[in-house]
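See below for the structure under consideration.
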Amino acid sequence: MKLSRRQLLAASTVAGATLALPGVASGAPNLVRRDRPTLPSGIASADVTPSSAVVWSKTDRPGRLVVQLTSHGRFDKAIHLRGPKTSADDDFTARLPLRGLRPGQRYDYRLGFEDASGRIGQTLDGSFTTPGRNRPVSFVFTGDTAGQGYGINPELGGMIAYKAMHETRPDFFLHSGDNIYADGPLAAELKVADGTIWKNVVTEEVSKVAETLAEYRGRYKYNLMDSNVRSLYADVPLVAQWDDHETLNNWYPGEILTDDRYTEKRVDVLAARAKKAFLEYLPMEHVSGRDRIYRKVSYGPLLDVFCLDMRTYRGANPVPSTVGPVAMLGAEQAAWLVREVAASRATWKVIASDMPLGLLVPDGDLIEAVANGLPGAPGGREHEIAWVLSQFKSTRCGTRSG
């Protein structure tokens, strides 16, 4: 949805407002009527650039996403936008790209869904600020949410790491993969090494390894049950990647499982379901209409973020002594990364890698990541990364590995 100059002028005033503090009305629910669409998983914005953003939400029945957008905090003079219709096919999730935004501007948005009779149900408010030319940029990053059996523990206040990140008031939040642990069932209680008991909220979908589309979706819905997560997503734009645990541990295309916990052994089938759920619940700007996870998010003249996908295009996990090249990024993505980094004029170029480059990550007797731990010439996946680094040469890049 591109906003016209007239629309922008009608809804815009002076730039420079700061992000709202956590706990202030952001994401606060209004009166909920059960005969109208509700917002059980909150709202979010994502992939914010100087001129664009994506907003997202989920409802509980068929409806159409409706958006109010304002740059002065007054919704009585907001721009009203109608987004896509949603259905059970996308688990009642919907996203709307916003284009034609002003750089360096705070925007407040209000999301809801309209039912077939035109009635709008529950609405929630959020905010984001587009990058400006003369303002610094800060961001927080994390990975591995609800892993190793640790889910939402109400006795500790839920996922309080998200609250801590929110309180820093960052410009955006980078989740560098493992947004869920689809292969890690959660139990009601977990005994910790020090003898204490960790108590989880548990739903049916998180009680076993995810195999069905409903179970993958249930993992994302589980995380969004946590008020700390919902509050962060409402106030801080998301930049999301995926890694292995959105599907299952250490997976690669074409793999056939031997894990007895799975009735579906074909990883390609599981990965297709996992990707659909990932794209439904984690909004992002789809380049040229493609459901491609690797992309560049431009944060003004100071920062470009290059998000990699080191899972979809990889070859089979090799043995450490493999001499020949084994794909990690794939030829198209590797060429894209080299080309886009070379073309970037941003002061900082952050390459968000969901896999570590130098850390040894075994997969049984195989290698899961890039480094093989052997001296001498590159081998296996090291070939591809060595080529990329050789193309960069003197280009200075910040890196973040999951």
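The table that follows gives values for the structure above.
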read-out	value
Residue that is farthest from Arg135 (Cα to Cα), among those in region 32-58 that are over 19 Å from the mean Cα position of the chain (by Cα) and of a type in the set (Ser, Thr, Tyr)	Thr38
Residues within region 65-97 that are more than 23 Å from the chain's Cα centre (by Cα), part of a strand (DSSP E or B) and basic (Lys, Arg), tallied	1
Residue check for Val67: assigned by TED's automatic domain parsing to the domain that holds Asn249, at pLDDT 95 or above, surrounded by 17 or more Cβ atoms within 10 Å (Cβ to Cβ) and touching a strand residue (DSSP E or B) at 6+ places or on another chain (Cβ under 8 Å)	no
When residues of region 282-318 are limited to those that are among the β-branched types (Val, Ile, Thr) and touching a residue at least 60 places away in the same chain (Cβ under 8 Å), the one farthest from Ser353 (Cα to Cα)	Val297
Checking Ala271 against (1) assigned to a helix (DSSP H, G or I); (2) more than 27 Å from Leu366 (Cβ to Cβ), the condition it does not meet	(2)
Per-region count, region 106-122, residues surrounded by fewer than 21 Cβ atoms within 10 Å (Cβ to Cβ) and in a loop (DSSP other than H, G, I, E, B)	5
Cβ pairs under 6 Å, 6+ apart, first in region 185-209 and over 20 Å from Ile160 (Cβ atoms), second buried (at least 16 other Cβ atoms within 10 Å of the Cβ) and small (Gly, Ala, Ser)	Glu205/Gly218
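The values are calculated or read from the model by the stated rules, or taken from the named source; none is laboratory data. Given the structure is predicted, the values throughout are model-derived calculations rather than measurements. Neighbour counts are summed over all protein chains in view; Cβ atoms, including those assigned to glycine, are modelled from backbone coordinates with ideal geometry.
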